[in-house]
Each structure stands twice: as C-alpha cells, then as structure tokens.
Amino acid sequence: MLSSQYVDRGIIKWSAFDALVGYHSMLEEMKYRLGKKEKPILSEDEQEELNRSLQEAVRLNSEIELKYYRDGYLRFTYGTIEKINYQSRVIVLSTKEKFNAEDIIEIQLS
C-alpha cells in the first residue's frame with residue numbers, strides 16, 4: 001500500500017510576487033494612473049442646459065444625479081441641492097459633499 005505524500009500548495013505557489021515589497025500597491029497605483037482621462041470640455045449649449053437643470057433642481061428641491069470630474073475620473077453622486085455659493089461657485093448637496101461648478105459635467109433630475 002503506497003500512499004502519496006504530495007500536498008498541493010494551491011495558491012501559495014503563485015505568491016512569489018507577494019514577496020516583493022510594495023508590488024501590489026505599485027500595480028494598483030499604475031492602474032489608477034493609466035485609467036485617468038482628461039476633463040471633458042462643455043459647449044455653450046451644454047453649459048446652458050446644465051444651468052437650466054441646476055435652477056430646476058433648486059426650484060423643485062428634487063433629488064439629482066450629479067456627474068462630475070475629479071482627479072482624472074468621471075464620478076457620480078446623488079442628493080438634493082442644499083446650498084449654492086455663487087461667489088465661490090460651490091454647490092453643496094444634502095450629503096454634505098461640495099463641488100466646484102466647473103467640475104460638474106451633467107445634472108439629471110430624478
């Protein structure tokens with residue numbers, strides 16, 4: 001009766017790259033940097049539509065989906081507009097998030 005002494009190491013055999021200090025953090029940072037895109041430039045018509053949507057959202061106090069640009073990526077958030085500072089061009093949502101007006105790409109009313 002011969003029994004096999006072989007024990008499969010499973011995923012451990014592929015963990016050689018884990019031994020390199022900072023390998024995973026460097027790889028994640030590289031993926032993040034390569035995924036960045038330039039900020040979209042809005043036409044005058046798009047800016048007018050954005051302004052109309054903003055005014056409508058304030059008037060109706062409705063929830064909006066806000067598409068904005070930050071750090072090379074387009075991001076989304078939801079909320080109602082709590083405050084608009086026209087001098088500093090900052091919009092504050094009910095979630096206490098603050099956005100510069102020039103970073104906003106699109107506003108959709110819910």
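When you check residue 89 against the structure, is it of a type in the set (Lys, Arg) and modelled with pLDDT under 95, yes or no? The answer is yes for residue 89.
Out of segment 17-45, which residues are surrounded by 11 or more Cβ atoms within 10 Å (Cβ to Cβ), in contact with a strand residue (DSSP E or B) (Cβ under 8 Å, 6 or more places away or on another chain) and not aliphatic (A, V, I, L, M)? 39, 40 - these are the residues of segment 17-45 that are surrounded by 11 or more Cβ atoms within 10 Å (Cβ to Cβ), in contact with a strand residue (DSSP E or B) (Cβ under 8 Å, 6 or more places away or on another chain) and not aliphatic (A, V, I, L, M).
Of the strands (runs of 3 or more DSSP E) lying entirely inside segment 50-89, the ones with 3 or more residues being under 26 Å from residue 35 (Cβ atoms) are found at 64-70, 73-79.
Residue under question is residue 95, and the condition is that it be assigned to a loop (DSSP other than H, G, I, E, B) and loosely packed, with under 15 Cβ neighbours inside 10 Å; does it hold? So residue 95 passes the test.
The values are calculated or read from the model by the stated rules, or taken from the named source; none is laboratory data. Quantities reported herein were computed from a predicted structural model and do not represent experimental measurements. With ideal geometry, Cβ positions are generated from the backbone for all residues, glycine too; neighbour counts draw on all protein chains shown.
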